Amino acid sequence: MTTSAACAVKRILAKGNEAVCHGAIAAGCRFYYGYPITPQNDIPEYMAAQMPKIGGSFLQAESEVATINMMLGTASTGTRVMTSSSGPGISLMQEGLSFMVGSQLPAVIVNIARSGPGLGGIAPSQGDYFQATKVAGHGDAHLICLAPHSVQEMYSLTMLAFDLADKYRNPVMILGDAIIGQMKEPYEPTPYTSVVPEKPWALTGAAGRAARSVKSMFLKEGEIEAHNWKLLEKFRKIREEEVRFERYMIEGAKFLIVAFGTVARVAKTSIQWARSEGIPVGMLRPISLFPFPEEQVREAIEGVEKVLVAEMNTGQMVEDVQKSTPHHDKIRFFGKPCAMPTPDEILAQIRLIAGVKQ
Amino acid sequence: MKNAAGKDMFSKLVYERPKTLLDRRLHYCPGCHHGTIHKIIAETIDELGQRENTVGIAPVGCAVLLYDYMDLDILEAPHGRAPALATGIRRALPDRVVFTYQGDGDLASIGMSEIIHAANRGENITVVFVNNTTYGMTGGQMAPTTMLGQKTTTSPYGRDFRTEGYPIRMAELLAGLEGVAYSARVTVSSPAHIRKAKEAVRKGFEMQLKGMRMGLSIIEILSTCPTNWGMKPLDAQKRVLGEMADYFPLGVFKEKKQADFE
């Protein structure tokens, strides 16, 4: 006899973009700034409706440049804050993101990625991988980057994003795309249980304590170098402690897929189909893209004959996979920029690496 | 001679450094107005009793080290973005006093969008706008407020309206927006002007205090940059009160009254 059924959280049907909002609100986020851009408009629209009802604040900024700077202001007071955007909007935020990293401010940025470059299109894409994982604007700056592959994860990783942002005092990006944002499926809105840490650096007015400053400029001899080493040390700790990944049907696999987000979700179906045809294939799915699960990818590649890296772009994460292993000859890349690959298309790629005649 | 309590009987304290201003040596050039402007802001915050309730925003520019000079919580802004930062602070902490300190390149060029929209939203913040017609820290380049004919390092033949347009009058421009509670232009080029400037700064801060909250206030302060103007400090003061004040008239362009809201 178990009581777990009675305790289980009731599942609800929601879009990925809605689940992001649910996660943010559950994590105590009451401040949202944003600017309209497809395909993420459900997020600001939801927040505009909900924030006033729960004592929060929604503000449509005049641009994404203003958005990220309003966030910088709110984050500096030690208050949780979120935005969402896509492609060109995320590019406009790069300056502010660099300032956030330099000033060590926590914030959550949701990128419901669309096709690029330029105005590109509103179709889903994973073409922002480099931008999300390699840089936060100028300087030696990184974001923590999480890639959900289900509506459930849009919810739970958003909650986690707030915790990681506070823990490391660094902006965290949720990297989704038009599919994961618009996709509807049931999920469990599990309760938020983390404890929000004290923020003894926050600007609240210097009442009964020494004045504080939050800044990213260090002019005195050796200061900026020391600051960079300090940030590096933080990123090293993040690489050590915050790697997240999923191993899917990897038992006895001779062939491996490495994919994230929407593509990983599609690949799960392809893997099931391939397994039913007798092809021993599994998947290593990076959930944290920064830090990238290098060790786990290396290890998984050791045990297989061939690797398929599948992405909705012309080849970005594949470079991190190559960096993880000396066995470059095992790796085959399958890219479909600006469109979701079908399970059949990925199955065809699996057959190809498995040497199965089609 | 001291009295029983050990106090000097024949001296009376007539002036002291405002508490908000730290006892530090300023890095500004001789004849620069930043020091005087810092002081009147610090005095105002002291007099209004808001030192422990204020968050300031330091700009990109010569005044970036504001946090080294003021005993306040201070956030450093990306160039031009101070009004957006102030919006984010004020919305999270609606009971705090929030001010930005911005130069002409910062506010009228790269940050034009942020100031216009913060003003139009009527954010309850005070903007201290230091207009010295040039980019001081980067080496005296042309600003949107550079006077016609003024030679700068990027207008070496003098600003020409046919190619660079006209110097922009921000106090008047912002006064035209409904969200602005107070807009004035002052200078600190003489003791009398300093007193007037102080009054304006005080009005600007009062506009965002409890019971008021009538919108954004901007105090444009015509200022010097003797180093980049290639002028002696005294000549620089004369330029402010002459050529600059002719084009950028001093005065109050907008002042909302509490009655406007009742």
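Some observations on this one:
- Only one of the numbered conditions (1) at pLDDT below 95; (2) buried (at least 16 other Cβ atoms within 10 Å of the Cβ) is not met by A:Gly303, and that is (2).
- In the stretch A:239-262, the residue that is nearest to the chain's Cα centre (by Cα) out of those that are crowded, with 16+ Cβ neighbours inside 10 Å and farther than 23 Å from A:His327 by Cα is A:Gly261.
- Residue among B:Lys151, B:Lys203 that is surrounded by fewer than 20 Cβ atoms within 10 Å (Cβ to Cβ), without any contact (Cβ under 8 Å) to a residue 12 or more places away in the chain and at negative phi: B:Lys151
- Taken over the stretch B:51-73, the criterion of being part of a loop (DSSP other than H, G, I, E, B) and more than 8 Å from chain A (Cβ to nearest Cβ) is satisfied by B:Pro59, B:Val60, B:Gly61.
- Whichever residue in the stretch A:126-138 is open to solvent by 10 Å² or more (accessible area, probe 1.4 Å) and not in a loop (DSSP other than H, G, I, E, B) and, among such residues, is nearest to A:Met93 (Cα to Cα): A:Gln131
- The strands (runs of 3 or more DSSP E) found entirely in the stretch A:268-358 that carry 3 or more residues being in contact (Cβ under 8 Å) with a residue 12 or more places away in the chain and not aromatic (Phe, Trp, Tyr) are A:281-286, A:306-311, A:331-335.
- Scanning the stretch A:37-60 for residues being of a type in the set (Ser, Thr, Tyr), more than 12 Å from every other protein chain (Cβ to nearest Cβ) and not in a helix (DSSP H, G or I) gives a total of 1.
- B:Ile40 vs. criteria open to solvent by less than 30 Å² (accessible area, probe 1.4 Å), among the aliphatic types (A, V, I, L, M) and touching a residue at least 60 places away in the same chain (Cβ under 8 Å): yes
- Residues considered: A:Ala141, A:Ala66, A:Ala107. Of these, the only one that is surrounded by fewer than 24 Cβ atoms within 10 Å (Cβ to Cβ), within 14 Å of another protein chain (Cβ to nearest Cβ) and touching a helix residue (DSSP H, G or I) at 6+ places or on another chain (Cβ under 6 Å) is A:Ala141.
- Boolean, A:Arg236 is basic (Lys, Arg), crowded, with 17+ Cβ neighbours inside 10 Å and either more than 14 Å from chain B (Cβ to nearest Cβ) or in contact with a strand residue (DSSP E or B) (Cβ under 7 Å, 6 or more places away or on another chain) (or both): no
- Residue among A:Ala113, A:Ala123, A:Ala178 that is in the same structural domain as A:Ala26 (by TED's automatic domain parsing), within 16 Å of A:Pro39 (Cα to Cα), open to solvent by 30 Å² or more (accessible area, probe 1.4 Å) and touching a helix residue (DSSP H, G or I) at 6+ places or on another chain (Cβ under 9 Å): A:Ala123
- Top-ranked residue of the stretch A:248-267 - restricted to ones that are in a helix (DSSP H, G or I) and in contact with a His (Cβ under 8 Å, 6 or more places away or on another chain), ranked as nearest to A:Ala161 (Cα to Cα): A:Gly261
- Single unsatisfied condition, B:Arg185 versus (1) surrounded by fewer than 14 Cβ atoms within 10 Å (Cβ to Cβ); (2) within 28 Å of B:Gln50 (Cβ to Cβ): (1)
- Residue tally, condition open to solvent by 10 Å² or more (accessible area, probe 1.4 Å) and within 7 Å of chain A (Cβ to nearest Cβ), over the stretch B:77-107: 5
- Residues in the stretch A:323-358 that are surrounded by fewer than 15 Cβ atoms within 10 Å (Cβ to Cβ) and polar (S, T, N, Q): A:Thr342, A:Gln358.
The values are calculated or read from the model by the stated rules, or taken from the named source; none is laboratory data. Given the structure is predicted, the values throughout are model-derived calculations rather than measurements. Cβ coordinates were reconstructed from backbone atoms using ideal geometry, including for glycine residues, and neighbour counts include every protein chain displayed. Accessible surface areas use protein heavy atoms only, side chains included; no ligands, DNA or RNA. Shrake-Rupley method; radii C 1.70, N 1.55, O 1.52, S 1.80 Å.
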